[in-house]
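Engineer: Got a structure for you, written out below as structure tokens; questions coming shortly.
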Amino acid sequence: MKKRRSMIVRGLSLVTSAMLLMSGCGGGSSEPKCSELMDRTARDVSVSVSRIDDLPADFVMGADVSSYLSIDKSGASFYDFEGNKVDMDGYFRLLKESGLDIVRFRVWNDPFDEKGRGYGGGNCDTSAAVTMGKSATKAGLQVMIDYHYSDFWADPGKQMTPKAWLLMSDDEKEAALEEFTRESLTALKDAGVNVTIVSVGNETDNGMSGEKGWTEKCALYNAGSRAVREVFPDAKVALHFSNPEHDYVTYARHIADCSVDYDIFGTSYYPYWHGTLENLTEVMSEIADITGKRVMVLETSWAYTLEDGDGSGNTVSHESNSANPFYSFSVQGQADEIASVTGAIADVGDAALGMMYWEPAWIPVGYYNPKGSDADKVLESNRKKWEKFGSGWASSYASVYDPDDAGKYYGGSAVDNQALFDFEGHPLDSLNTFRYMREGHELEGLTLSQVIMPAPVSMEIGEDIHAYLPMTVRGELDNKQRLTFNVEWDEEELRQLSAVGEYTVHCTITDEIPGSDGTPRKVMLKVNVLPHNLLVNGDFEKGDNTGWEISDPMAGVTRDDPYRGDYALHFWDDSTVAFTASQTVRLDKDGELVFSMKAQGGDMGDGHVVKLIVKNEATGQTYEGSVTLTGWQSWKETGYYVEESAPVFRVSAGDKVTVTLEVSGAAGGWGTIDDVFLAYNE
């Protein structure tokens, strides 16, 4: 029994090791080690980009560069491709020459405390947008204004009312929003800024400016739209949502029911959070068809290194990086991601209007090398500049407005490794991707350096393995460009998957391989055949709560951050997190049970509880196992698969066994639970 249980543990853990391998942190001899510092010659890397044909005539490519002014004030330098230092005008000329058509600036209402100290994140008010907008316009760039209608960051989890609007009624807030938008846009117009798109709200899936209902949100959308039509009648009005895996069709219907006046339905798309490119194209095509509006990707980005450049930690890092295998964490990987996302939205057709990269200029205000002799001095200097100039994601002064987030976690840039400039301000060739997508820039003589092993597959015994097999694999060329190759599977090997256990099967690449001598290239896949799960919808792949009784709507089955498959039990709340999910199974035979649960998440506070409880209602025997959540994609597992010393869990035919997931934690806590498993140990 113990040998069998150990086998199952290893099989269930294979996904984690494969993720590390795919992220470039594996143990293979050809893989880079995670301890290596960033390659400081990244600025010299040339990227290969294919031309995207048949782009709509007015298709725009651009970037949100809202942090630029605060970075500039902090004393950081930017350079052109010849190594010459550039001022603000030169910086925007560089963007134009690199193929950008448009730049975006976020605008907060009043990102300052009562003493005039900035909240950080660029201190992005109308004045900053005017200053940068004038230089951008001079360089021949269009300008998009992104109103958050908050005094600080607005996103799906946080849509805070501006300080000045807190005591207003809905009608008063609507009037104030229209007036604020009109005055802000008038300042931009008077300064000669070429505003062509205005976003009324930022990632407003769950609210805007403190309002959560669709009727209230739509009234605010229309208020902002009226101001845009008045001040910039030729500009397009955009609405911005966060994730194409959400129910955009329902969003669009609510907006139509409220007769909102807008032109663009925009989405964010980050590969490590927002599903496949195929889904992006499919969803945005459907939105274009049912609304008749144009569609855009308003935010996307990718890391060119997993190193941190300013000493403040990054969203994508060695400790918490995405396991997405489709792009390498390299300059070429950035180019691949930009081109792929652009191609995916362009595939919508004439309704596609463009794409925007997010914050390519948010470099460190001072390059921090933790192994350098002056590391402590650089970090202290950075902290002072983040506070004084607002060049970090948040300053300590933001705590008066946002105590639960900025008040606890203020600091530097979390995306300096996703910039299109290196840590010292030199442009990477990935910046030229915007130009290359129109012209093409193919490098000659590339060869396939490695094939990325597909993520291991887990299936219940008796299921058809073909439903789980990938029909393509990714290969990495010697410049780190990643390509997709079609494969065929060895059917004789697949027929061996007839009993519980771990297996290795192989496929053969059928496409032409760059630099190959024609020898067939085989790729290995690990398959874990699991015993039959006694739980209904234990992996949540039905896409809903079927089988589970969930005590609070803060938790539900979504596409957000699954461990395996497409769905998981996701939870989040801006107040205290507390819920249970349970189901009871009647057993049909005697035996011994094994069980497990996986979970990931964060911001749950000290002493939080994420627990798996298994109870035999007939005998009273109970198992309780818990995990501590340590961050995004940091999966933890508990259960009778994991704990070799756990007592045997014996059951008899007719017994009822209840499985309960118990979760509690601090306000703002979040996470997902997946692959809850209950099976006979056979």
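The values are calculated or read from the model by the stated rules, or taken from the named source; none is laboratory data. Just so it is clear, the model here is predicted, and its values are computed rather than measured. Heads up, the Cβs are rebuilt from the backbone with ideal geometry, glycines too, and the neighbour counts pull from every protein chain shown.
Engineer: Scan the range 650-682 for residues that are under 34 Å from the mean Cα position of the chain (by Cα) and not in a loop (DSSP other than H, G, I, E, B) and report the count. Break it down stepwise before answering.
Structural biologist: Looking only at the range 650-682, we keep the residues that are under 34 Å from the mean Cα position of the chain (by Cα), and these are 659-679.
The next check asks that each one be not in a loop (DSSP other than H, G, I, E, B); those that pass are 659-665, 670-679.
Total satisfying the criteria: 17.
Engineer: Continuing with this model, one more query. Only one of S634, S626, S596, S582 is in contact with a Lys or Arg (Cβ under 6 Å, 6 or more places away or on another chain), farther than 20 Å from P156 by Cβ and of a type in the set (S, T, N, Q). Can you tell me which?
Structural biologist: Result of the check over S634, S626, S596, S582: S626.
Engineer: Right, next: Among the residues of the range 195-226, write down those that are more than 25 Å from the chain's Cα centre (by Cα) and touching a residue at least 60 places away in the same chain (Cβ under 8 Å).
Structural biologist: Hits for the range 195-226 are V195, T196, L220, G224.
Engineer: Taking the range 590-610 as the search range and keeping residues that are of a type in the set (A, V, I, L, M, F, W, C) and in a strand (DSSP E or B), which one is surrounded by the fewest Cβ atoms within 10 Å (Cβ to Cβ)? It would help to see each step written out before you state the result.
Structural biologist: Of the residues in the range 590-610, the ones of a type in the set (A, V, I, L, M, F, W, C) are 593-595, 597, 599, 604, 609-610.
Checking the rest, the ones that are also in a strand (DSSP E or B) come to 593-595, 597, 599, 609-610.
Values: L593: 22, V594: 25, F595: 26, M597: 28, A599: 28, V609: 14, V610: 26.
Residue satisfying both the conditions and the ranking: V609.
Engineer: T546: surrounded by fewer than 21 Cβ atoms within 10 Å (Cβ to Cβ), closer than 24 Å to D655 by Cβ and not assigned by TED's automatic domain parsing to the domain that holds T276, yes or no?
Structural biologist: Judged against the criteria, T546 is a match.
Engineer: Related question: Give the residues of the range 549-568 that are touching a residue at least 24 places away in the same chain (Cβ under 8 Å), part of a loop (DSSP other than H, G, I, E, B) and either buried (at least 20 other Cβ atoms within 10 Å of the Cβ) or of a type outside the set (G, A, S) (or both), sorted by residue number.
Structural biologist: Of everything in the range 549-568, those that are touching a residue at least 24 places away in the same chain (Cβ under 8 Å), part of a loop (DSSP other than H, G, I, E, B) and either buried (at least 20 other Cβ atoms within 10 Å of the Cβ) or of a type outside the set (G, A, S) (or both) turn out to be D552, M554, R559, D560, D561, P562, Y563, R564, D566, Y567.
Engineer: Scan the range 573-582 for residues that are surrounded by 20 or more Cβ atoms within 10 Å (Cβ to Cβ) and not β-branched (V, I, T) and jot them down. I'd like the intermediate steps shown before the answer.
Structural biologist: Kept after step one, since they are surrounded by 20 or more Cβ atoms within 10 Å (Cβ to Cβ), are these residues of the range 573-582: 577, 581.
A581, the sole residue that qualifies.
Engineer: Now for a different question. How about the range 74-111: which of its residues are crowded, with 19+ Cβ neighbours inside 10 Å and among the aromatic types (F, W, Y)?
Structural biologist: F78, Y79, Y91, F92, F105, W108 - these are the residues of the range 74-111 that are crowded, with 19+ Cβ neighbours inside 10 Å and among the aromatic types (F, W, Y).
Engineer: Could you say which residue among T131, T137, T161 is β-branched (V, I, T), in a helix (DSSP H, G or I) and free of Cβ contacts under 8 Å to residues at least 60 places away in the same chain?
Structural biologist: The unique qualifying residue is T137.
Engineer: Could you check how many residues of the range 56-78 are in contact (Cβ under 8 Å) with a residue 24 or more places away in the chain and more than 30 Å from A352 (Cβ to Cβ)?
Structural biologist: Summing the residues that are in contact (Cβ under 8 Å) with a residue 24 or more places away in the chain and more than 30 Å from A352 (Cβ to Cβ) in the range 56-78 gives 9.
Engineer: Here's another thing I want to ask about it. Sort through A361, A419 and tell me the only one that's in contact with a strand residue (DSSP E or B) (Cβ under 8 Å, 6 or more places away or on another chain) and either at negative phi or surrounded by fewer than 23 Cβ atoms within 10 Å (Cβ to Cβ) (or both).
Structural biologist: None of the other options fit; the residue is A361.
Engineer: Given the condition buried (at least 22 other Cβ atoms within 10 Å of the Cβ), at pLDDT 95 or above, under 30 Å from F329 (Cβ atoms) and hydrophobic (A, V, I, L, M, F, W, C), answer yes or no: does some residue in the range 233-247 qualify?
Structural biologist: Within the range 233-247 (the criterion being buried (at least 22 other Cβ atoms within 10 Å of the Cβ), at pLDDT 95 or above, under 30 Å from F329 (Cβ atoms) and hydrophobic (A, V, I, L, M, F, W, C)), the answer is yes, since at least one residue qualifies.
Engineer: Okay, next question. Conditions: (1) without any contact (Cβ under 8 Å) to a residue 40 or more places away in the chain; (2) closer than 23 Å to G207 by Cβ. N279 meets all but one. Number of the miss?
Structural biologist: Here N279 meets the rest and fails (2).
Engineer: Next question. Output yes when any residue across the range 335-354 is of a type in the set (S, T, N, Q), buried (at least 20 other Cβ atoms within 10 Å of the Cβ) and assigned to a loop (DSSP other than H, G, I, E, B), and no when none is.
Structural biologist: no
Engineer: Might you check whether a residue that is at negative phi and part of a helix (DSSP H, G or I) occurs anywhere in the range 302-318?
Structural biologist: No, the conditions are met nowhere in the range 302-318.
Engineer: A further question on this structure: Filter the range 611-636 down to residues that are crowded, with 18+ Cβ neighbours inside 10 Å and part of a loop (DSSP other than H, G, I, E, B), then give me how many there are.
Structural biologist: Residues in the range 611-636 being crowded, with 18+ Cβ neighbours inside 10 Å and part of a loop (DSSP other than H, G, I, E, B): 2 in total.
Engineer: Moving on to the next point. Considering the range 270-305 alone, what residues qualify as being among the hydroxyl-bearing types (S, T, Y), touching a Ser or Thr at 6+ places or on another chain (Cβ under 9 Å) and under 19 Å from M144 (Cβ atoms)?
Structural biologist: Those that are among the hydroxyl-bearing types (S, T, Y), touching a Ser or Thr at 6+ places or on another chain (Cβ under 9 Å) and under 19 Å from M144 (Cβ atoms): Y270, T300.
Engineer: I would also like to ask the following. Just checking, does the range 518-532 include any residue being under 26 Å from V457 (Cβ atoms) and within 24 Å of the chain's Cα centre (by Cα)?
Structural biologist: no
Engineer: With free of Cβ contacts under 8 Å to residues at least 12 places away in the same chain and either more than 24 Å from the chain's Cα centre (by Cα) or under 15 Å from G333 (Cα atoms) (or both) as the only criterion, which of E424, E444, E439 stands out?
Structural biologist: Details: E424 fails: free of Cβ contacts under 8 Å to residues at least 12 places away in the same chain; E439 fails: free of Cβ contacts under 8 Å to residues at least 12 places away in the same chain.
Selected residue: E444, the only one of E424, E444, E439 that is free of Cβ contacts under 8 Å to residues at least 12 places away in the same chain and either more than 24 Å from the chain's Cα centre (by Cα) or under 15 Å from G333 (Cα atoms) (or both).
Engineer: Pairs please, first residue from the range 287-315 and within 23 Å of F105 (Cβ to Cβ) and assigned by TED's automatic domain parsing to the domain that holds P271, second anywhere and of a type in the set (D, E, K, R) and part of a strand (DSSP E or B), Cβ atoms under 9 Å, 6+ apart in sequence or on different chains.
Structural biologist: Between residues of the range 287-315 that are within 23 Å of F105 (Cβ to Cβ) and assigned by TED's automatic domain parsing to the domain that holds P271 and residues that are of a type in the set (D, E, K, R) and part of a strand (DSSP E or B), the close pairs are R294/K236; L298/D64; L298/R104; L298/D146; E299/D64; E299/R104.
Engineer: Assuming A646 fulfils every condition listed in (1) part of a strand (DSSP E or B); (2) at pLDDT below 95; (3) closer than 24 Å to V529 by Cα apart from one, which condition is it?
Structural biologist: Of the numbered conditions (1) part of a strand (DSSP E or B); (2) at pLDDT below 95; (3) closer than 24 Å to V529 by Cα, the odd one out for A646 is (1).
Engineer: Among the numbered criteria (1) surrounded by fewer than 23 Cβ atoms within 10 Å (Cβ to Cβ); (2) more than 27 Å from E282 (Cα to Cα); (3) at pLDDT 95 or above; (4) not basic (K, R), which one does P370 miss?
Structural biologist: (3)
Engineer: List the pairs whose first member sits in the range 93-106 and is within 14 Å of Y68 (Cβ to Cβ), whose second member is buried (at least 24 other Cβ atoms within 10 Å of the Cβ) and among the hydroxyl-bearing types (S, T, Y), and whose Cβ atoms are under 6 Å apart, counting only residues at least 6 apart or on separate chains?
Structural biologist: Within 6 Å, the pairs are F105/S66; R106/S66.
Engineer: Right, another one. State whether one or more residues within the range 415-425 are touching a helix residue (DSSP H, G or I) at 6+ places or on another chain (Cβ under 8 Å), farther than 22 Å from P360 by Cβ and not aliphatic (A, V, I, L, M).
Structural biologist: Among the residues of the range 415-425, not one is touching a helix residue (DSSP H, G or I) at 6+ places or on another chain (Cβ under 8 Å), farther than 22 Å from P360 by Cβ and not aliphatic (A, V, I, L, M), which makes the answer no.
Engineer: Restricting attention to strands (runs of 3 or more DSSP E) lying wholly within the range 453-540, give those where 1 or more residues are touching a helix residue (DSSP H, G or I) at 6+ places or on another chain (Cβ under 7 Å) and over 30 Å from E682 (Cβ atoms).
Structural biologist: Hits in the range 453-540: 482-489.
Engineer: Suppose we filter the range 79-92 for residues that are in contact with an Asp or Glu (Cβ under 6 Å, 6 or more places away or on another chain) and either in contact (Cβ under 8 Å) with a residue 60 or more places away in the chain or farther than 17 Å from S135 by Cα (or both); how many remain?
Structural biologist: Going through the range 79-92 one residue at a time, the tally reaches 0.
Engineer: Shifting gears a bit: Y149 is checked against (1) in contact with a strand residue (DSSP E or B) (Cβ under 8 Å, 6 or more places away or on another chain); (2) of a type in the set (F, W, Y); (3) surrounded by fewer than 19 Cβ atoms within 10 Å (Cβ to Cβ) and fails just one. What number does that condition carry?
Structural biologist: Only one criterion in (1) in contact with a strand residue (DSSP E or B) (Cβ under 8 Å, 6 or more places away or on another chain); (2) of a type in the set (F, W, Y); (3) surrounded by fewer than 19 Cβ atoms within 10 Å (Cβ to Cβ) is unmet by Y149, namely (3).
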